[in-house]
Amino acid sequence: MTILSRYIAVAWLRLLALCLGSFVAVYLVLDMMDKIPRFIRAGGSAADILRFFVWKLPEMVGQTASFAILMATLLTLGMFSRNSEIIAMRSCGISLLRIAFPMLFLGLAASFALLLNAELVVPGSYERMEKIERVDIRKQGVNAVFRRNNIWFRSDNQILQARLFDPQARVLRGITLWKLDGSMNPTSRMDADSAEYHDGRWTLQDVVTKDFSRGRGYAAQRTGSMDVALNLKLDDLRVLDNNADNLSYRKLREYADNLQNGGYQAFRYLTMMHTKLSGPFAAFVMVILGIPFAFRNSRSGGAALGVGASIGIGFAYFVVNAMLLSYGRSGVLPPLVAAWGANIIFSLGGAWLAMTVRN
């Protein structure tokens, strides 16, 4: 790395640290103002509340990093322009692409870092945060995130209905399991008192099997216990609507596949799944868009312009992305298009701005 590249990279990283720290601090203060009074009324201790917000920091960083990167890019080039450093670089024959390259490289590296944060750090930190809030602060049961009553699940040619689920004992109770043929006609029915989950499989207890394959009537048979090949995991019994945004790509993919295999629509979770990959790369898109915008306004560059442009561009990206994601979750747009649409649109906008910059 040349001296000039190191100089540009260090200036960009310093402003990124300042912007990211400021955004996280504002986010943290606002979240504390909202949650701390409720936590205190629920009987939470100061130590539990502090641990809750510590574990929430990875989520805060992931949500504010793209906006911070955009502002750092605009402020860096605005500072260079105000000090006539861009003019000095250009007078030495250095192209705009050469000036922008360190920020593009660091923006891409930041996107991969955010992807690792979203996939490896945030899911675990969110689980700890939820446990602290539910168990330590609100004094709820550790298994409050599971569905409890009237559970339906379809797996290949089987449909299961359970009256309730005990997550602590890993037991489904009041089981009815139908087996269907290719025409969706029932071939057998199993009624079981309970189903226990051990070593990745379900075992029915006190089973009565009714075979309808003989045509008229049925033949009943009672069995003490029976293993069934049911593609139902404990994670499938979780209530995902409230925390699906913080699940990993792999978990969302498994859940969406199970829904589709069961004959249900999974637009919402497929869109979230693709967003787990597209979201972190919004940071790189912000660099692509911010660099030509700053170069086009280099004569009037400065802190005020950088902050104002960051707010405008960030708000426009948020509105477009939210609109496309809502279309993806409702099935109007394919999930892949909805998740990556905003990145593609704003990348093309950045490329167009770059083509109009006087070199």
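Tabulated data
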quantity: So residue 80, is it among the hydrophobic types (A, V, I, L, M, F, W, C), within 27 Å of residue 308 (Cα to Cα), buried (at least 19 other Cβ atoms within 10 Å of the Cβ) and more than 29 Å from the chain's Cα centre (by Cα); calculated: yes
quantity: Residue that is surrounded by the fewest Cβ atoms within 10 Å (Cβ to Cβ) [pool: residues in the stretch 187-232 that are among the aromatic types (Phe, Trp, Tyr) and within 43 Å of the chain's Cα centre (by Cα)]; calculated: 197
quantity: Filter result (open to solvent by 80 Å² or more (accessible area, probe 1.4 Å) and either hydrophobic (A, V, I, L, M, F, W, C) or touching a helix residue (DSSP H, G or I) at 6+ places or on another chain (Cβ under 6 Å) (or both)) within the stretch 30-45; calculated: 30, 33, 40
quantity: Conditions (1) without any contact (Cβ under 8 Å) to a residue 60 or more places away in the chain; (2) surrounded by fewer than 21 Cβ atoms within 10 Å (Cβ to Cβ); (3) assigned to a helix (DSSP H, G or I); number of the one not met by residue 19; calculated: (2)
quantity: Of all residues making up the stretch 341-352, the number that are open to solvent by less than 80 Å² (accessible area, probe 1.4 Å) and among the hydrophobic types (A, V, I, L, M, F, W, C); calculated: 3
quantity: Condition met for residue 99 (part of a helix (DSSP H, G or I), surrounded by 14 or more Cβ atoms within 10 Å (Cβ to Cβ), at negative phi and of a type in the set (Val, Ile, Thr)); calculated: yes
quantity: Filter result for residue 61 (open to solvent by 40 Å² or more (accessible area, probe 1.4 Å), β-branched (Val, Ile, Thr) and touching a Leu at 6+ places or on another chain (Cβ under 8 Å)); calculated: yes
quantity: Selected residue [more than 21 Å from residue 122 (Cβ to Cβ), of a type in the set (A, V, I, L, M, F, W, C) and surrounded by 21 or more Cβ atoms within 10 Å (Cβ to Cβ)] from 8, 3; calculated: 8
quantity: Test: residue 93 is over 22 Å from residue 343 (Cβ atoms), of a type in the set (Gly, Ala, Ser) and assigned to a helix (DSSP H, G or I); calculated: no
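The values are calculated or read from the model by the stated rules, or taken from the named source; none is laboratory data. The structure presented is a predicted model; accordingly, all values stated were derived computationally and were not measured. Note that each Cβ is placed from the backbone with ideal geometry, even for glycine, and that neighbours are counted across all protein chains shown. Just so you know, the surface numbers come from the protein's heavy atoms only, side chains and all, with ligands and any DNA or RNA stripped out. Shrake-Rupley method; radii C 1.70, N 1.55, O 1.52, S 1.80 Å.
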